[in-house]
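What follows is one structure encoded as structure tokens, with my remarks underneath.
The values are calculated or read from the model by the stated rules, or taken from the named source; none is laboratory data. Since the model is a prediction, treat every value here as computed from it, not as a measurement. All Cβ positions, glycine included, derive from the backbone under ideal geometry; neighbour counts span all protein chains shown. Surface areas here come from the heavy atoms of the whole protein model, side chains and all, with no ligands, DNA or RNA. Shrake-Rupley method; radii C 1.70, N 1.55, O 1.52, S 1.80 Å.
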Amino acid sequence: MSAERELAALELAERARTAWRELSRSSPDQRTRALRLFAEELESPAVANAIEVANAADVRAAVGESAAFLDRLRLDGARQNAVARAVREVAALADPVGEVVEQTTRPNGLVVDRVRAPLGVVLMIYESRPGVTADAAALCLRSGNAVLLRGGSEALQSNSVLVAACQRALEGAGLPEDAVQLVPPDRTLLDALLQQESRIDLCIPRGGKSLIRFIDERSRIPVVKHDQGVCHLYVAADADLDVAERIAVNAKAQRPGVCNALECLLVDARIAPTALPRIGRALREVAVELRADARALPHLPGAKLAVPDDFGREFLDLILAVAVVDGIEGALGHIARYGSRHTEAICTRDAQLADRFVREVDASCALVNASTRFNDGSELGLGAEIGISTSKLHAYGPMGVRELTCTRFVVRGNGQVRT
């Protein structure tokens, strides 16, 4: 690692740390004003046009990439509106900083509060999706954190326009522009930033296996992983097949290139002869390629025989693995082997079976008779998300403003001393 990169990383981290100390003195109203100004920036014709031009350039430069990759990269008018709306929703959220989540009085009269506090400086590392830039900036600002945004080179022009808009909003609200900074997409610089454990409090990587592995191996900063989404739907023997068909099609085909898209369909052996032809036909109608195990294949005309690597794989495309399982034991066993602790769903009319699935499946979000696509911060009422944590410390699932805080103790006394 060059001395130049080490110095650049130190400067970025120190500027963020200084900005966070200033941000910690700001009021909730001031942070709300900054967020509203940010939304106004995004909605202004000049900025909307600048985003459109920058994003078009990013998309043009991504020649040869898959359709799913281009879908994640694209920030069209509808998505721009959704980004601005998400910022407004975050602005409307209750400010978590200073919230007393628990209060007790000790026998000696000490009043002990557990109080929400910002994490400090967050290093956010992600790929493709420029909308994450605005979401992460808004969520960190709402929760009183400074953030270093290290997006991928494929979205650099889009991200630059978004961060510039946020920094103008910060300036307009009297807050430090360095509270939100864009990190150049240089891997050597990133490596140097990962060594800044005294200035950066948390690292959040969101992306593919190689990125997560690199961060996990190199970081001296605590890491909350936002890893791949190998999501399953188990269709139980008593399932309503109308519901199962609707969920499977939506979960797989609505946006196949996102982490909460369905990647594997599990069907109970007792209903496979009737359920699989029906669900398979509906999936083929929306151009989904089916890769079936030996037990499922006879019931799925036109499907391919799956290879072992098709299970536990995040396709991020209109491709779906299919397997027949023996009851809930078989489904839970398959998920335990191949799942990524992201999102798992069951389709059943049996409340006890649903409760068992929810209790035993290891996933950041377990759904009953609903699409895996609902594991999303905005859909779950968080306003937006910085990502979906597949770690368990300190957050599990979509991370909103509360997940970007910690709790600390505040103790008030009147002269007590320990004996």
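When DSSP assigns beta bridges and you keep just the ones with both residues in the chain, what percent turn out antiparallel, to the nearest 5? Could you put the intermediate results ahead of the total?
On the way: 15 of 54 bridges.
Close to 30 percent.
With only Lys, Arg, Asp and Glu charged, each at its Cβ (+1 for the first two, -1 for the last two), find how big the charge dipole of region 79-213 is about the Cα centre; round to the nearest 20 debye.
Details: 15 positive and 15 negative charges, 75 e Å.
That gives region 79-213 a dipole magnitude of about 360 debye.
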Sorted largest first, the Cα spans of region 364-413 on the principal axes come out in Å as 51, 21, 18
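Just to confirm a number: summing +1 for Lys and Arg and -1 for Asp and Glu over residues other than residue 314 whose beta-carbon lies under 12 angstrom from that of residue 314, what do you get? Kindly include the intermediate steps, with their values, before the conclusion.
Values: positive: 209, 313; negative: 227, 263, 309, 310, 317.
After counting each charged neighbour, the total is -3.
Within region 7-38, list the trypsin sites (Lys or Arg not before Pro) lying in a DSSP loop whose Cβ has at most 14 other Cβ atoms in a 10 Å radius. Spell out each step's value before the answer.
Values: sites: 15, 17, 21, 25, 31, 33, 36; in loops: 25.
Within region 7-38, the qualifying trypsin sites (Lys or Arg not before Pro) (loop, at most 14 other Cβ atoms within 10 Å) are 25.
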Contact order relative to length for the chain, counting C-alpha pairs under 8 Å separated by 6 or more residues, stands in percent at 19 percent
Dividing the surface of the Cα convex hull of the chain by four yields a projected area in nm² of 24.2 nm²
Once phi for every residue in region 260-274 is put through the Karplus expression 6.51 cos²θ - 1.76 cosθ + 1.60 (θ = phi - 60°), the whole-Hz ³J(HN,Hα) values, with Gly and Pro written as x, are 9, 6, 5, 10, 8, 9, 10, 10, 4, 4, 5, 10, 3, x, 9
Between residue 99 and residue 374, the two model label points (7 Å from Cα along the beta-carbon direction) sit apart by a distance in nm of 2.2 nm
Per the 1/(1 + (r/R0)^6) rule, R0 = 41 Å and r from the Cβ atoms of residue 2 and residue 242, FRET efficiency to 0.05 is 0.10
Which residues qualify? For residue 367, with a placed amide H closer than 5 Å and at least 5 residues away or on another chain, they are 344, 345, 346
With Cα coordinates, the longest principal axis of the chain makes an angle with the long axis of helix 45-61, in degrees rounded to 10, of 50 degrees
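Please give the FRET efficiency for residue 284 paired with residue 391, using the beta carbon to beta carbon distance and R0 = 56 Å, rounded to the nearest 0.05. The partial results should precede the final answer.
Values: r = 36 Å, r/R0 = 0.65.
Rounded to the nearest 0.05, the efficiency is 0.95.
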Taking the chain, the lysine pairs whose C-alpha atoms sit under 23 Å apart (8 or more places apart or on different chains) add up to 5
Cα-based Rg then Dmax for region 284-407, in Å, read 16.4, 55
Order by accessible surface, 1.4 Å probe, largest leading, for residues 259, 140 comes to 259, 140
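Lys and Arg at +1, Asp and Glu at -1: add these up for the other residues within a Cβ distance under 11 Å of residue 408 and post the number. Each step should come with its number before you reach the end.
Working: positive: 114, 116; negative: 113.
Surrounding charge for residue 408 is +1.
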Two pseudo-spin positions, 7 Å from Cα along C-beta at residue 79 and at residue 57, lie apart in nanometres by 1.8 nm
The relative contact order of region 121-235, taking Cα pairs under 8 Å that sit 6 or more residues apart, comes to a percentage of 28 percent
Summing +1 per Lys or Arg and -1 per Asp or Glu among the other residues with Cβ less than 10 Å from residue 275's Cβ gives 0
Interchain or sequence-distant (5+) residues whose placed amide H lies within less than 5 Å of the amide H of residue 325 are 267, 268, 269
About its Cα centre, region 295-419 carries a charge dipole, from +1 on Lys and Arg Cβ atoms and -1 on Asp and Glu Cβ atoms, whose size in debye to the nearest 20 is 600 debye
Between residue 188 and residue 49, Cβ-based FRET efficiency (R0 22 Å, step 0.05) works out to 0.05
Using alpha-carbon coordinates alone, the radius of gyration and Dmax of region 86-200 in Å work out to 17.3, 59
The farthest towards the positive end of the charge dipole of region 30-158, of the residues 115, 137, 90, given +1 on Cβ of Lys and Arg and -1 on Cβ of Asp and Glu, is 115
